[in-house]
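Notes follow the structure.
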Amino acid sequence: MQVPAYIGRFAPSPSGPLHFGSLIAALGSFLRAKSQQGKWLVRIEDIDPPREVAGAADGILRTLESYGLHWDDSVFYQSLRLDAYQQQLDVLLNHDLAYYCQCTRKQIQAMGGLYDSRCGQRNTAHSHGAIRVRNQTQSDHFYDRHMGMIRVDNHFAKEDFIIKRRDGLYAYQLAVVMDDIEQGVTEVVRGCDLLTSTVRQIDLFTLFDKPVPNWLHLPLLCAEPGRKLSKQNHAPAIDNHAPQASINAALQVLGQSPVETHSDVTVMLQQAIAQFNLATVPKQQEIVLATTT
Ligand code: GLU
């Protein structure tokens with residue numbers, strides 16, 4: 001049997017421009033894919049219009065290009081996949097693998113913050129509210145290729161989590177898994193903010209009877225402990241016209257040797273690919289920026 005080729009991806013949400021924190025995930029996933037002679041895909045996760053900023057998706061793509069982070073195949077947009085998400089939800093509902101839930105945030109808080117499946121036990125057929133998956137797999141751990149064995153709280157693992165929101169928007173967990181399947185992703189490389197989400201995603205891969213990809217989480221850049229670097233908390237801006245310095249700064253965060261400055265960034269990236277060493281990427285889940293500058 002032919003061993004499938006490596007397919008990696010970078011999946012930004014267009015909620016603002018690409019900043020230094022997101023550059024780490026972009027560059028890290030690119031270097032990992034290219035050092036495996038793999039494909040590196042870009043997917044715009046634009047399924048949450050209230051959080052989107054007009055022009056951000058194009059801005060992110062232009063920044064990636066100016067950093068020499070050229071993607072393979074064409075850019076994939078989640079906003080073009082809504083029919084597929086709905087069809088999958090209908091299948092799950094028809095097979096009683098998902099159910100509608102009318103519980104409010106307040107009620108869920110009163111349950112201790114994790115949902116107790118009460119709407120799933122009722123016989124009355126509702127057809128409005130959020131949609132939750134009947135969580136049968138209940139994964140509570142996984143092996144991360146960089147962070148090692150990751151375990152999550154047992155109650156969290158058991159939760160029937162949301163796959164369509166009350167406001168009618170498709171949930172990240174559903175879309176990300178369906179699209180990683182659709183794009184044939186073999187390894188998910190991203191920041192540690194999504195570490196615990198991974199067990200939800202394993203539940204869905206299993207439910208859909210699809211092979212689970214490998215997982216590799218990179219340290220997350222934080223403004224302060226527990227607070228992801230974002231444009232709201234002064235992520236250093238990255239300059240589309242002078243990417244050289246930011247590339248070396250990002251390589252430093254990723255524990256990689258610096259590359260020679262060159263007017264052509266693709267030359268710098270070729271060197272970074274050749275030198276890429278996963279073993280020297282820091283193992284901590286968070287890096288507070290002040291300690292790196
Ligand atoms: N769209 C997510 C984000 O920007 C990333 C999703 C993923 O890599 O799985 O945080």
- Item | In the range 198-247, residue modelled with the lowest pLDDT [restricted to those that are of a type in the set (Val, Ile, Thr) and surrounded by 19 or more Cβ atoms within 10 Å (Cβ to Cβ)] | Ile238
- Message: Between Asp209, Asp203, Asp193, which is under 28 Å from Ala157 (Cα atoms) and free of Cβ contacts under 8 Å to residues at least 24 places away in the same chain?
- Response: Asp209
- Task: Out of the residues in the range 127-141 that are small (Gly, Ala, Ser) and touching a strand residue (DSSP E or B) at 6+ places or on another chain (Cβ under 8 Å), state the one that is nearest to Ala175 (Cα to Cα).
- Result: Ala130
- Determine whether Ala157 is under 27 Å from Leu229 (Cβ atoms), part of a helix (DSSP H, G or I) and in contact (Cβ under 8 Å) with a residue 12 or more places away in the chain. no
- Query: Which of the residues that make up the range 67-78 are loosely packed, with under 15 Cβ neighbours inside 10 Å and not aliphatic (A, V, I, L, M)?
  - Reply: His70, Asp72, Asp73, Ser74
- Item | Those residues of the range 148-197 which are surrounded by 21 or more Cβ atoms within 10 Å (Cβ to Cβ) and within 10 Å of the ligand (Cβ to nearest atom), in sequence order | Tyr172, Ala175, Val176, Val177, Asp179, Asp180, Val185, Val188, Val189, Arg190, Gly191
- Hey, does the range 233-240 have a residue that's within 15 Å of the ligand (Cβ to nearest atom) and in contact with a Cys (Cβ under 8 Å, 6 or more places away or on another chain)? no
- Message: Can you pull out every residue in the range 110-147 that is touching a Ser or Thr at 6+ places or on another chain (Cβ under 7 Å) and either open to solvent by 50 Å² or more (accessible area, probe 1.4 Å) or over 26 Å from Phe205 (Cβ atoms) (or both)?
- Response: Thr137
- Looking only at helices (runs of 4 or more DSSP H) that fall completely inside the range 37-132, which ones have 3 or more residues that are within 28 Å of Ser263 (Cα to Cα) and without any contact (Cβ under 8 Å) to a residue 40 or more places away in the chain? 56-66
- Go through the range 175-292 and tell me which helices (runs of 4 or more DSSP H), entirely inside it, have 1 or more residues that are under 19 Å from Gly68 (Cα atoms). 243-253, 265-275
- Message: If Phe10 satisfies all but one of (1) touching a Leu at 6+ places or on another chain (Cβ under 7 Å); (2) within 13 Å of the ligand (Cβ to nearest atom), what's the number of the condition it fails?
- Response: (1)
- Message: within 14 Å of the ligand (Cβ to nearest atom), crowded, with 16+ Cβ neighbours inside 10 Å and closer than 17 Å to Ala272 by Cβ: which single residue out of Ile47, Ile24, Ile60 fits that description?
- Response: Ile24
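The values are calculated or read from the model by the stated rules, or taken from the named source; none is laboratory data. Because the structure is predicted, anything quoted here is derived from the model rather than measured. Here Cβ is always computed from backbone atoms with ideal geometry, including for glycine, and neighbour counts include all displayed protein chains. These area figures cover heavy atoms from the full protein model, side chains too; ligands, DNA and RNA do not enter into them. Shrake-Rupley method; radii C 1.70, N 1.55, O 1.52, S 1.80 Å.
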